[in-house]
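The values are calculated or read from the model by the stated rules, or taken from the named source; none is laboratory data. Everything numeric in this text was worked out from a predicted model, so none of it was measured. Heavy atoms of the whole protein, side chains included, go into the accessibility calculation; ligands, DNA and RNA do not. Shrake-Rupley method; radii C 1.70, N 1.55, O 1.52, S 1.80 Å.
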Amino acid sequence: MAAAVVEEVVPKAPQAEEPPLAAVEEKPHEAVPEKAVVAAPPHDESKAVEKVQEPEEKKASKGSLDRDIALAKLEDEKRVSFIKAWEDSEKSKVENKAQKKLADVCSWENTKKAAIESQLKKIEEQLEQKKATYAEKIRNKVAALHKQAEEKRAMVEARRGEELLKAEETAAKFRATGHAPPSSACSCLSA
């Protein structure tokens with residue numbers, strides 16, 4: 001059976017479009033036939049294997065170069081990312097410092113405003129007290145004037161009452177005596 005497999009593999013290899021190694025891989029895994037096929041490949045296939053091996057060696061040497069380039073790129077990216085992180089850190093420090101200073105300025109401003117407003121309220125209260133005091137003094141003066149005016153009115157009214165009584169008494173006396181009043185007493189008769 002092993003010979004049959006060898007026979008089938010050898011004649012098909014030159015006719016197959018696939019490389020002989022791919023044809024062997026498709027067959028059932030038997031250690032003897034694969035070794036026989038791999039051991040006795042045609043001359044053309046060995047060149048193909050050598051060609052495949054040469055690029056692998058070049059790729060290996062090129063791969064280490066690519067790996068070195070990739071590592072260098074990674075180092076550059078690492079350095080750039082470290083610089084960016086440092087820059088972001090410094091910027092955030094500057095922002096935080098500026099925010100703190102702005103908060104301090106705002107706090108200072110609010111404190112000063114509160115002190116000035118307190119001072120203004122104190123002055124307003126003092127002015128209100130002075131205004132109330134002056135208003136009270138003025139009301140007292142007005143009350144005193146009103147009192148004086150009432151006293152004067154009362155005096156005028158009292159004098160008028162007295163003079164009316166005196167005139168009535170004098171008139172009654174003149175009627176009783178029948179004498180006429182003196183001309184100086186009544187200015188309307190002489191005119």
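Counting only heavy atoms of the protein chains and using a 1.4 Å probe, Ile138 has close to 90 Å² of accessible surface. From the alpha carbon centroid of the range 82-106 to that of the range 131-184 is 91 Å. Projected over all directions and averaged, the alpha-carbon convex hull of the range 111-191 occupies 9.0 nm².
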